[in-house]
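Asker: Have a look at this one before I ask anything.
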Amino acid sequence: MREAALSTLPRAKNAPMRLPRQAWLLARNDLRQEMREWELVATAGFFTLVVLVMFALAFATLSRDAQVLAVPGMLWLTVAFVGALTLTRIFDRERESDTLRALLAAPVERLAIYLGKALVTLLVLLGCCAILVPGVVLLFPAAAPLAEHPIQTVTLVVLGCLAYTSVGTLFAAGLATSGGKNVLLSVILYPLTTPALIFALVATRALIENHPDFSKYLSQLAALDIVLVGLSGWLFESVLVGTGARRAPTTRRRRG
Amino acid sequence: MGRLFPVILLGVGALTLPYSVQRVFLDTPIERTMGTVQKIFYFHVPLAWIMMLLAVVCGVAAGIQIRTRSERAEATAIAAAELVLVAGLGVLLTGPIWGHATWGKAWTWDARQVTTGLLWLVFASYVLVRHFGAAGSERLAAALAIFGAVNVPIIYYAVKIWKTTHPDNNVVGSLPPQMWASLWPALGGLLAMTLGLLWARIRLERAEIALDEAWVGVEDAPQEA
């Protein structure tokens, strides 16, 4: 099936249109596989529900003032947890059936692989947010403004998840090609995604408090998205396959 | 020369540091509002500068490593990252001591504190990936270092808008020249020590890489009967 998807890729023609189209074909391939198995969505969705229940049990008795401070934290921590779970799986399929090599050898832009995987991760995360945000609004009365401004909430969630996904996909890809040890993903992800999460946190709190600076924070988050996507896209090829040729990348022996 | 250089630098550091301690405690006037506790400034601030310098060195070296696969850049990135952890530990220990004495609270979630703490975490994860990552994870670690270096100003700004009530510590900017004069020996001594350690660690790492490659070379060589 993947081969079928790849064989439909246009070769050298239509260079400007090639990248989005290739990215979309790769993402569609993953999504189709996902529609058959529901593995990512089912596990991530259930995990979101579990974390939500945990937060509800832990923080149900908070006063309304405290909820205003706690709700943004719960929201974005859950996104961070679910994101880490999704990202550990997103390249596993390629690794299990050893198709990452085929993907790298295929006549597609490397950037398209990154964009395709990032798109799938983003969609899974957004699917989880479709459970998470209404859940938070139901469980915590202070979060009601999230439901009152649906457009702002959706924009905020999309931008926040995009920032998380852009960094996460890069490092998930790097770990997938460097031969396992997914434990390291959490070690890398949490410190690196902190700025994105802080920006999302600030914007969420501003939205809940009806703060006039909300749109300013939102545009800052969008600017951060551009920086992170640009940097990740630029580094993706180097992380995945390496450039230059000092030595074969995997021949290094590990002692000790 | 390559072997002598770190020894010279460490020697300079070993001579300068005691002198700077003597100068800081005996020849520099005691700050009026903060008292003796302000003396920690002469070690805290240089350590923070050195940590930032090393973080930038690591980020740039990682960038060169990922582009050209330079073994020298790789060794520099590793050495700098490990020293960021050491200098960062110094900053994160002296900072709260100073804060406890002057602000009355060791950790106030000030933008600088959070930024330093997160920078330290990023480089800790870099060192973890370098030590426990599988073969081929050096490119991943390099990307991590680049991201870490780019993140620093972003985190600083993010925390500033997140925590708008951070204490205004403009004391440092308005120091009399006498106190500035005492800062330089401390900075010089610590910098000499750092560069000496950095140089020695780079040499060690390059030797390790050369040894690894020699091992691989022996294993790959056709076996003689």
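The values are calculated or read from the model by the stated rules, or taken from the named source; none is laboratory data. The structure presented is a predicted model; accordingly, all values stated were derived computationally and were not measured. Because the Cβ atoms are built from the backbone with ideal geometry, glycine has one as well, and the counts that use them run over all protein chains shown.
Asker: For segment B:63-72, name all the residues that are facing another protein chain (nearest Cβ under 10 Å) and of a type in the set (A, V, I, L, M, F, W, C). Working first, answer last.
Answerer: Within segment B:63-72, the subset facing another protein chain (nearest Cβ under 10 Å) is B:63, B:65-71.
The one that is facing another protein chain (nearest Cβ under 10 Å) and of a type in the set (A, V, I, L, M, F, W, C): B:ILE66.
Asker: Please enumerate the residues belonging to segment B:22-56 that are free of Cβ contacts under 8 Å to residues at least 24 places away in the same chain and among the aliphatic types (A, V, I, L, M).
Answerer: B:LEU26, B:ILE30, B:LEU53
Asker: Any idea which residue in segment B:137-162 is nearest to the other protein chains (Cβ to nearest Cβ), counting only those that are touching a Lys or Arg at 6+ places or on another chain (Cβ under 8 Å) and over 24 Å from A:ARG205 (Cβ atoms)?
Answerer: Of all residues in segment B:137-162, those touching a Lys or Arg at 6+ places or on another chain (Cβ under 8 Å) come to B:137-138, B:141, B:156.
In the following step, the residues that additionally are over 24 Å from A:ARG205 (Cβ atoms) were identified as B:137-138, B:141.
On the way: B:SER137: 4, B:GLU138: 8, B:ALA141: 9 Å.
Among them, the one singled out is B:SER137.
Asker: While we're here: Could you identify the single residue in B:GLU205, B:GLU213, B:GLU219 that is at pLDDT 80 or above, within 22 Å of the chain's Cα centre (by Cα) and within 14 Å of chain A (Cβ to nearest Cβ)?
Answerer: Within the list B:GLU205, B:GLU213, B:GLU219, the selection yields B:GLU205.
Okay, residues lined up against (1) more than 14 Å from chain B (Cβ to nearest Cβ); (2) more than 20 Å from the chain's Cα centre (by Cα); (3) in a helix (DSSP H, G or I):
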position	(1), (2), (3)
A:PHE81	yes, no, yes
A:LEU104	no, yes, yes
A:LEU122	yes, no, yes
A:ALA130	yes, no, yes
A:VAL137	yes, yes, yes
A:THR165	yes, no, yes
A:LEU184	no, no, yes
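Asker: OK, next. When you go through B:LEU92, B:LEU128, B:LEU83 one by one, which is the residue that is in a helix (DSSP H, G or I), surrounded by 21 or more Cβ atoms within 10 Å (Cβ to Cβ) and not β-branched (Val, Ile, Thr)? Please lay out each step first, then the result.
Answerer: Numbers: B:LEU92 fails: surrounded by 21 or more Cβ atoms within 10 Å (Cβ to Cβ); B:LEU128 fails: surrounded by 21 or more Cβ atoms within 10 Å (Cβ to Cβ).
Every option except B:LEU83 fails the conditions.
Asker: Within segment A:37-54, track down each residue that is among the hydroxyl-bearing types (Ser, Thr, Tyr) and out of contact with any Leu (no Cβ under 6 Å at 6 or more places or on another chain).
Answerer: Residue satisfying the conditions is A:THR43 alone.
Asker: Right, something else. Given the conditions (1) touching a helix residue (DSSP H, G or I) at 6+ places or on another chain (Cβ under 6 Å); (2) within 14 Å of B:ALA62 (Cβ to Cβ), which single one is not true for B:GLU138?
Answerer: That leaves (1) as the condition not met.
Asker: Look at segment B:1-52 and say how many of its residues are in contact with a Lys or Arg (Cβ under 7 Å, 6 or more places away or on another chain) and in a helix (DSSP H, G or I).
Answerer: So the count comes out to 2.
Asker: Step by step: first the residues of segment B:98-107, then only those that are out of contact with any Lys or Arg (no Cβ under 8 Å at 6 or more places or on another chain) and buried (at least 17 other Cβ atoms within 10 Å of the Cβ), then the one that is farthest from A:THR177 (Cα to Cα). Which residue is that?
Answerer: Filtering first and then ranking leaves B:THR102.
Asker: Would you check which residues across segment B:160-187 are at pLDDT below 75 and under 21 Å from the mean Cα position of the chain (by Cα) and list them?
Answerer: The initial filter retains those residues of segment B:160-187 that are at pLDDT below 75, namely B:160-175.
Correct list: B:VAL172 only.
Asker: Run down A:SER186, A:SER215, A:SER166, A:SER219 and say which single residue is crowded, with 17+ Cβ neighbours inside 10 Å and small (Gly, Ala, Ser).
Answerer: It is A:SER166.
Asker: When residues of segment A:193-224 are filtered for being acidic (Asp, Glu) and away from every other protein chain (no Cβ under 12 Å), how many remain?
Answerer: If we filter segment A:193-224 for residues that are acidic (Asp, Glu), which is where we start, we get A:209, A:213.
Now narrow it down to the ones that are away from every other protein chain (no Cβ under 12 Å): A:209.
The qualifying residues number 1.
Asker: So, one more: Could you check segment A:124-169 and list, in sequence order, the residues that are under 28 Å from A:GLU34 (Cα atoms), touching a Ser or Thr at 6+ places or on another chain (Cβ under 7 Å) and hydrophobic (A, V, I, L, M, F, W, C)?
Answerer: Listed by number, the residues that qualify are A:VAL124, A:LEU125, A:CYS128, A:ILE131, A:LEU132, A:VAL133, A:LEU156, A:VAL167.
Asker: Does A:ALA56 qualify as being more than 18 Å from A:GLY135 (Cβ to Cβ) and of a type in the set (A, V, I, L, M, F, W, C)?
Answerer: No; evaluated as a whole, the condition is false for this residue.
Asker: Looking at segment B:116-136, which of its residues are farther than 18 Å from A:VAL241 by Cα, more than 7 Å from chain A (Cβ to nearest Cβ) and touching a residue at least 24 places away in the same chain (Cβ under 8 Å)?
Answerer: B:THR116, B:GLY117, B:LEU119, B:TRP120, B:PHE123, B:ALA124, B:TYR126, B:VAL127
Asker: Continuing with the same structure: Would you confirm whether or not segment A:198-213 contains a residue that is over 16 Å from the mean Cα position of the chain (by Cα) and on the phi > 0 side of the Ramachandran plot?
Answerer: Looking through segment A:198-213, at least one residue is over 16 Å from the mean Cα position of the chain (by Cα) and on the phi > 0 side of the Ramachandran plot.
Asker: Which condition number does A:ILE198 fail, the rest of (1) in a loop (DSSP other than H, G, I, E, B); (2) closer than 23 Å to B:ILE154 by Cβ; (3) among the β-branched types (Val, Ile, Thr) being met?
Answerer: Among (1) in a loop (DSSP other than H, G, I, E, B); (2) closer than 23 Å to B:ILE154 by Cβ; (3) among the β-branched types (Val, Ile, Thr), the lone unmet condition for A:ILE198 is (1).
Asker: For A:THR204, only one of the following conditions fails: (1) surrounded by fewer than 24 Cβ atoms within 10 Å (Cβ to Cβ); (2) assigned to a helix (DSSP H, G or I). What is its number?
Answerer: All conditions are met except number (1).
Asker: Another one. Condition test on A:ALA143, is it buried (at least 24 other Cβ atoms within 10 Å of the Cβ) and touching a residue at least 12 places away in the same chain (Cβ under 8 Å)?
Answerer: In short, yes.
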